[in-house]
């Protein structure tokens, strides 16, 4: 995709929680951060958050961009973009200018696109609120 954030294209990850990591609390970071473990709490950053396919996050999230391949429960507020990849699962609320949901993702959330963003959902025959 042409409009992916610069931090992802360059592949610079400034922080990482591995699959065997469990953390509760407040997380803030600069640069991209990846979670493959379990996190519960709050996350605040203007940068990119990546939830890996083994990642499980239960949090109120405020970030610049978020890419989800794992599971997220809570409120997601993104300044630029939310991407839910085909293995991603999201439960809660999403507020962002752009929302991308790949075919195969699971989305059970209240969604609000803000500003000039466009809602983009891959073609699917599944009803809303089920696997897409």
Residue satisfying all of: in the range 94-118; closer than 16 Å to residue 77 by Cβ and surrounded by fewer than 15 Cβ atoms within 10 Å (Cβ to Cβ); modelled with the lowest pLDDT among these: 115
Qualifying residue in the range 26-44 (condition: within 11 Å of the chain's Cα centre (by Cα) and either at pLDDT 95 or above or under 19 Å from residue 95 (Cβ atoms) (or both)): yes
Hey, residue 87 surrounded by fewer than 19 Cβ atoms within 10 Å (Cβ to Cβ), free of Cβ contacts under 8 Å to residues at least 40 places away in the same chain and in contact with a strand residue (DSSP E or B) (Cβ under 6 Å, 6 or more places away or on another chain) or not: no
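The values are calculated or read from the model by the stated rules, or taken from the named source; none is laboratory data. Small disclaimer: the values here were computed from a predicted structure and weren't measured. Cβ: placed from backbone, ideal geometry, glycine included. Neighbour counts: every protein chain shown.
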